[in-house]
1. Report, in degrees rounded to the nearest 10, the 0 to 90 angle that the Cα long axis of helix B:290-317 makes with the longest principal axis of chain B.
2. As I understand it, the dipole of segment B:101-286 uses +1 on the Cβ of Lys and Arg and -1 on the Cβ of Asp and Glu, about the Cα centre. Which of B:Met208, B:Tyr223, B:Trp107 lies farthest toward its positive end?
3. B:Leu176 label point, 7 Å along Cα→Cβ, cut-off 17 Å on backbone N: hits in segment A:259-295?
4. Hydropathy first: keep DSSP H helices in chain A averaging at least -1.0 on Kyte-Doolittle, then drop any whose Cα extent along the axis falls short of 18 Å, and list what survives.
5. Taking chain B as the reference, fit the longest principal axis to its C-alpha atoms, fit the long axis of helix B:98-133 to the helix C-alpha atoms, and give the angle between the two in degrees, 0 to 90, nearest 10.
6. Could you compute how much accessible surface A:Thr247 exposes when probed at 1.4 Å, giving the result in Å² to the nearest 10?
7. So what's the angle, to the nearest 10 degrees on a 0 to 90 scale, between helix B:64-76 and the longest Cα principal axis of chain B?
8. Report the FRET efficiency, 1/(1 + (r/R0)^6), for B:Glu236 and B:His2, where r is their Cβ-Cβ distance and R0 is 35 Å, rounded to 0.05.
Amino acid sequence: MNKDTKTYSAAGEVGSILETRSTFTRLKIELTKAPLTAKFGIFIIIVFVGLAIFAPLIAPYGEAEVFPEPYAPWSSNHLFGTDQIGRDIFSRLIFGARNTVGVAFATTILAFLIGGALGLAAAINRSYLDLFLSRTVDVLMAIPQLIFALVLLSIFGSTIINLIIIIAVLDSTRVFRLTRAVSLNVVVMDYVEVAKLRGENISWVMRKEILPNILPPLIAEFGLRFCFVFLSIAALSFLGVGIQPPTADWGSMVRENASLIQFAQYDLKAAMTPLLPAAAIALLTVAVNFVVDWFLHKTSGIKDEK
Amino acid sequence: MHPVVKTVLERLGLGLATLFFVSIIIFSAIEMLPGDFGQAILGQAALPETVAAFRQELGLDKPAYIRYFDWALGAIQGDLGTSFSGRNASGADRSAEVVDKIAPRLWNTLFLASMAALIAVPLSLILGILTALYRNSFFDRSVNTATLTTISFPEFFVAYILILFFASLNQIFPSLANVDPDTNFGERIYRTALPAFTLTLVIVAHMMRMTRAAIINLLASPYIQMAKLSGASQTEIILKHALPNAWAPIATVIAFNLAYLVVGVVVVEVVFVYPGVGQLMVDAVRTRDIPVVQGCALIFAVTYILLNLIADIIGIVTNPRLLHPK
């Protein structure tokens, strides 16, 4: 660019910017502008996802590998000691990232597929289907979710597949309500009417006309629902009716090692052991909440009341 | 008819309908069991006659709707059926009535929940109103960050941190909340202190944020601006203008969180080995003792629905627009 004042022309300067920002560059600019909490959140999420994907490479020992010494103290061999039957806590924490987060993620996706599709269908249809689905959801939401999950688990038994399906179905009621509410505003738009008149089928209208316009609130909701599902599954596993041993899972790890906390006066490190998986759960939830907060702030355009 | 009475009656009707459908869902739990569950409960060695007698006792030879009415009428009169546990293959029956299992524990759970509510409700209302009044101040921002963090914590994490500091490192409170009917009132409060604090921490965050949002929402409405412009003092605005309209959202917030308490109590009872309904339910789920699960679920669901119903009704009877119709 020519900065010489004598030959300077505004048109020249404007014309000289030829570079178009790629999605990646825009993302990078957005990220550098993000508040500290959001950066922290993104960092934590990346670390956890990395742990989950590369668990067998990072973990020093196997998921269910048993060593002769149960409740071993923290040492260089076993970073965080061993649990009640002698399994390495550090390795189980890493595998736990894969199991706990993986199950929660699968559940959230399933909940969004069910709730999202039914919510969209109800918003477009607006007749008996809408009435039926909305009233069903009202009744389902009248029962506390954890209690309902406990009832269903007692009937079907605690397997991972049952757990995913039960929590997903119960959680899809919330997704249904949100999807229906936000898409009701979009369904009345002219372009949707045009698409219907053009003879597009309901699936096309849902995917190509409405979905792109309701995506931001749904993505934010995905983060929040993930937190909620993640905490529910952790709570169920902690209660002993969720993910079953020997699968490493943070919720049940807290329960298995809880008695160590009584020895805090003698060995503070050992007493911290049951808190590690609980802290991992809390950390990931906080991280996702921070990122969702930032995303909502960006997409809704609402600034703090000042 | 006065619009308030009409709306209240409508809500009551809707609440009853919800209760009816919820009871059907909980009842059908037993319908969804696989066909051979009699065998599963009584053991592989059970004689066909024992299994048949067991099925007859459950009334599986009658149509489902008759069994539903039997069950619902029994539940209304306080009879929730007989537990599955304590039965064995030879047909000997040492099982207990579900009501006898639940009744003593229900009092414990109510005690714990009301203790948590008594601390949490005033605390969060005061914090909520203060943060709304001094919003965007340092106080507001620090309280907000703290609550956002505690919301993300699982109940058992909060519980174990409290145990670590107040029961293990410094032995101020007991880490196990074992109470029995003979425990006197003062001792009972001392032993349930940690579980009650845990529940308080978990619900204060929610309740405070919702109160803050409700008040800020209200303070932004035009009639408050009008009152401010007409020279009313801050206290006058809050007490005379904002509060009458705030009862409905505040009642909703409180009921929502007390309902949340109902669920939170399950995990907390298990952590502190507190003999309450929540722990009974979790144990019953593990042993798949369906009548006990049904009984506990019914109690939790009814409490939840009633709390929400009460909040709705408070919202209706304090609504100035309905009280003074044009």
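The values are calculated or read from the model by the stated rules, or taken from the named source; none is laboratory data. All values derive from a computational prediction rather than experimental measurement. We place every Cβ from the backbone using ideal geometry, glycine too, and count neighbours over all the protein chains shown. Just so you know, the surface numbers come from the protein's heavy atoms only, side chains and all, with ligands and any DNA or RNA stripped out. Shrake-Rupley method; radii C 1.70, N 1.55, O 1.52, S 1.80 Å.
1. In chain B, helix B:290-317 runs at an angle near 20 degrees to the longest axis.
2. Comparing the listed Cα positions along the dipole, B:Tyr223 ranks first.
3. Within reach of a label on B:Leu176: A:259-264.
4. Length and hydropathy pass: A:36-53, A:102-125, A:128-141, A:160-187, A:211-238, A:275-300.
5. Tilt of helix B:98-133: around 20 degrees.
6. Roll a 1.4 Å probe over it and A:Thr247 shows about 40 Å².
7. Taking Cα atoms only, the helix is inclined about 60 degrees.
8. 0.75
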